[in-house]
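Written out below as structure tokens is the structure these notes cover.
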Amino acid sequence: MQSGIYFMREGLIQQILAGDRDAYAELVDEHQSMLLAYAAYRVPDRDLAEEVTQQTFIRAYEQLADFRTDQDFGVWLRVICRYMILAELKKQTRGRANREKYAEVLRSELMVQAMNNLDKLPDGDIYAQLQACIEQLQPRASELINLKYTQDQSCREIAETTARSLTWVTSTLSRVRKALRQCLEQYRVMEA
């Protein structure tokens with residue numbers, strides 16, 4: 001009985017390879033629910049699962065000549081889908097890392113601009129105030145500020161230097177910058 005299924009599948013595959021798109025639509029209809037369920041179990045949201053499923057059918061169509069008719073077509077689709085999911089998750093991770101890196105670069109540039117423009121502000125003592133605020137920081141926080149803004153190290157380099165995670169470095173720098181802003185605001189309130 002199973003050889004009859006493979007024989008029928010081989011005929012269907014040959015029709016598709018000959019250009020019969022309706023035959024491929026038949027295969028898609030037969031396996032779409034299974035493949036969508038497979039993808040939905042492995043990716044974070046339904047839209048992504050649907051996208052991966054569509055991409056899998058496209059890739060399967062492109063590689064159909066490589067399909068061996070003694071294989072189970074559903075298993076073959078799931079293998080392709082697995083690789084499509086891995087590629088998509090890698091792409092999302094890379095995109096998230098790029099966004100985080102961009103945000104960190106932007107924050108750093110803004111801080112550098114602010115520090116470079118201190119002397120242009122009406123209050124000439126602001127640099128001294130900033131120095132006083134930095135001196136009030138805990139030693140580790142002061143070290144981070146020094147590594148970031150005096151030695152111009154990237155957050156990744158600081159993480160390596162301090163043997164901390166990149167997440168720890170970026171979140172701690174964010175908290176330290178906030179503390180410095182609050183400290184400077186207190187000086188302004190005292191002067192007013």
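The values are calculated or read from the model by the stated rules, or taken from the named source; none is laboratory data. Just so it is clear, the model here is predicted, and its values are computed rather than measured. As a convention, Cβ positions derive from the backbone with ideal geometry for all residues, glycine included, and neighbour counts pool all protein chains shown.
Got at least one residue in segment 21-36 being under 14 Å from M84 (Cβ atoms) and hydroxyl-bearing (S, T, Y)?
no
When you scan segment 5-26, do you find a residue that is modelled with pLDDT of 85 or more, among the hydrophobic types (A, V, I, L, M, F, W, C) and not in a helix (DSSP H, G or I), even just one?
yes
Among the residues of segment 63-76, is any at pLDDT 85 or above, of a type in the set (F, W, Y) and surrounded by fewer than 17 Cβ atoms within 10 Å (Cβ to Cβ)?
Scanning segment 63-76 turns up no residue that is at pLDDT 85 or above, of a type in the set (F, W, Y) and surrounded by fewer than 17 Cβ atoms within 10 Å (Cβ to Cβ).
Which is free of Cβ contacts under 8 Å to residues at least 12 places away in the same chain and under 18 Å from Q15 (Cα atoms), of D66, D45, D70? First the steps, then the outcome.
On the way: D45 fails: under 18 Å from Q15 (Cα atoms); D70 fails: free of Cβ contacts under 8 Å to residues at least 12 places away in the same chain.
The match here is D66.
Of all residues in segment 113-138, count the ones that are farther than 14 Å from C183 by Cα and at pLDDT 85 or above.
0
Checking the conditions here, which among R156, R175, R164, R188 is over 17 Å from Q138 (Cβ atoms), at pLDDT 80 or above, in contact with a helix residue (DSSP H, G or I) (Cβ under 9 Å, 6 or more places away or on another chain) and charged (D, E, K, R)? Break it down stepwise before answering.
Working: R175 fails: over 17 Å from Q138 (Cβ atoms); R164 fails: over 17 Å from Q138 (Cβ atoms); R188 fails: at pLDDT 80 or above.
Matching residue, one of R156, R175, R164, R188: R156.
So how many residues does segment 31-62 have that are of a type in the set (S, T, Y) and exposed (fewer than 12 other Cβ atoms within 10 Å of the Cβ)? Give the derivation first.
Let us first name the residues in segment 31-62 that are of a type in the set (S, T, Y), namely 33, 38, 41, 53, 56, 61.
Cutting the leftovers down to exposed (fewer than 12 other Cβ atoms within 10 Å of the Cβ) gives us 33, 41.
Matching residues across segment 31-62 total 2.
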